[in-house]
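Chemist: To start, I am sharing the structure in question, which I have written as structure tokens.
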Amino acid sequence: MASRGSGIRYASIARAGVSVVIALWPQVLALGIGVLSGCMAYLVGLPLPWMLGPMIGNTVAALLAVPIAAPAKLRPFVIPVVGVMLGSTVTAEVLRQLAQWVPTLLLLPIFLICASAVSYAVYRRIGGYDVVTAYFSAVPGGLNEMLIVGTEAGGDERRIALAHASRILLVIAFVALFFGFVLGVSTGGTDASVWIGVGEIGLCDYVLLGLCAVLGVLLGQAVRLPAAAVFGPMILSAITHATGILTVAPPTIFIVAAQITIGSIIGARFIGATLRQIRHDLMLAAMSALAMLAVTLFFAELIAVFSGIPLSQAFLAYSPGGLTEMALLTLAMGQNVAYVSIMHIVRITMVIGTAPLVFKWLQR
């Protein structure tokens with residue numbers, strides 16, 4: 001009887017294990033496509049290969065109905081690592097440049113109005129979207145926040161989600177390709193001269209970096225910071241690095257893994273859609289993204305003239321991509337991560353806080 005009971009128990013464990021493997025297989029497949037696509041992108045010299053490669057690979061897989069799923073459960077683990085890495089670039093020299101950032105902040109609301117207006121014109125006048133869907137598709141805020149508010153206001157949920165997912169994907173792709181191929185700025189982020197190996201930092205450093213990640217998330221959530229999972233760890237990491245408590249960044253392989261995960265998640269957002277179904281919406285998203293980037297370039301020129309901030313950094317600070325994704329792109333290109341990250345945090349906070357109010361005012 002004992003052996004029979006043991007056999008039943010082992011069979012149950014085996015079935016549970018098989019069920020877990022089956023449940024996780026679509027996510028594992030997406031990550032596998034992400035790794036393979038990242039390696040291929042790196043080998044052919046594609047800018048920002050470890051993010052663009054997985055984005056493109058999983059987007060194609062999603063449109064071809066390959067049974068993948070977004071590895072979204074990994075995001076809470078990789079985003080704090082990115083925050084710690086971003087904070088490690090903050091030094092006392094960077095903090096002395098704060099006064100230069102004032103013109104960027106002052107022009108930011110005007111930029112948002114102009115960028116949203118040209119994007120709205122694309123979706124409303126060219127695409128024929130209804131007013132609600134066009135408005136919440138056009139405003140460059142957080143994907144989840146704009147989707148929730150726009151749906152509650154009566155907008156088309158699928159089109160709003162697709163518009164923001166496409167905007168983030170296309171903006172990252174356009175910006176990375178432009179900087180990589182036109183300006184010749186390297187975005188590989190894996191140069192052997194700057195590679196930090198797993199064994200190159202000590203146990204104490206690992207503990208402090210880990211505390212920045214964990215405590216940063218908890219504190220960020222406690223005080224309700226925007227993008228708390230990345231901004232909280234970034235603040236603690238910036239403090240410890242600016243004061244000299246920490247002098248090292250997380251190993252580079254962690255950042256590569258984070259980029260692969262984030263790129264795979266972005267690509268997998270197109271699951272359930274076919275190219276035939278969304279061709280029109282993707283075309284509109286491309287037109288909207290290019291129009292917004294044209295506005296971005298104009299305002300970046302103003303910032304460069306009036307504040308002396310390099311055009312490349314001002315352009316990245318205003319580019320309407322996702323906070324984490326644009327910060328990683330900035331990091332890969334060796335630009336001022338603190339400046340760009342803070343501008344994106346202010347942008348997203350400003351949009352989330354004002355977009356619903358502005359829409360109600362426009363309705364009246």
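Chemist: For the chain, set up a GNM with springs between Cα atoms under 10 Å and report which of VAL139, VAL305, VAL171 has the largest fluctuation.
Modeler: Looking only at VAL139, VAL305, VAL171, the largest GNM fluctuation is found for VAL305.
Chemist: How would you classify region 236-364 from its alpha-carbon gyration tensor, with a ≥ b ≥ c the square roots of the eigenvalues: rounded for a/c under 1.5, else prolate if a/b is greater than b/c, otherwise oblate?
Modeler: oblate
Chemist: Mean-square fluctuation check for the chain, GNM, Cα pairs under 10 Å: which of VAL60, VAL35, VAL207 is largest?
Modeler: Its mean-square fluctuation being the largest, the pick is VAL207.
Chemist: For the chain, set up a GNM with springs between Cα atoms under 10 Å and report which of VAL81, VAL44, VAL102 has the largest fluctuation.
Modeler: Judging by the Gaussian network model, the answer is VAL44.
Chemist: Still on this structure, please answer the following. Could you run the Karplus curve 6.51 cos²θ - 1.76 cosθ + 1.60 with θ = phi - 60° over region 102-117 and give me ³J(HN,Hα) per residue in whole Hz, x for Gly and Pro?
Modeler: 4, x, 5, 5, 5, 7, 4, x, 5, 4, 4, 5, 5, 5, 5, 5
Chemist: Still on this structure, please answer the following. Could you put LEU105, LEU48 in order, starting from the residue whose Cβ has the fewest other Cβ atoms within 10 Å?
Modeler: LEU105, LEU48
Chemist: What does the charge dipole of the chain about its Cα centre add up to, to the nearest 20 debye, if the Cβ of each Lys and Arg holds +1 and the Cβ of each Asp and Glu holds -1?
Modeler: 960 debye
Chemist: Further question on the same structure: Using the Karplus equation 6.51 cos²θ - 1.76 cosθ + 1.60 (θ = phi - 60°), what ³J(HN,Hα) coupling, rounded to whole Hz, does each residue of region 349-355 give in order, writing x for Gly and Pro?
Modeler: Whole-Hz 3J(HN,Hα) from phi for region 349-355: 4, 5, 5, 4, x, 10, 4.
Chemist: Placing one identical point scatterer on every Cα of the chain and ignoring solvent, what is log10 I(q)/I(0) from the Debye formula at q = 0.06, 0.09, 0.10 Å⁻¹?
Modeler: -0.24, -0.52, -0.64
Read-outs: derived from the displayed coordinates by stated rules, not from any lab. On a predicted model such as this, the values are computed, not experimentally measured, just so you know. We place every Cβ from the backbone using ideal geometry, glycine too, and count neighbours over all the protein chains shown.
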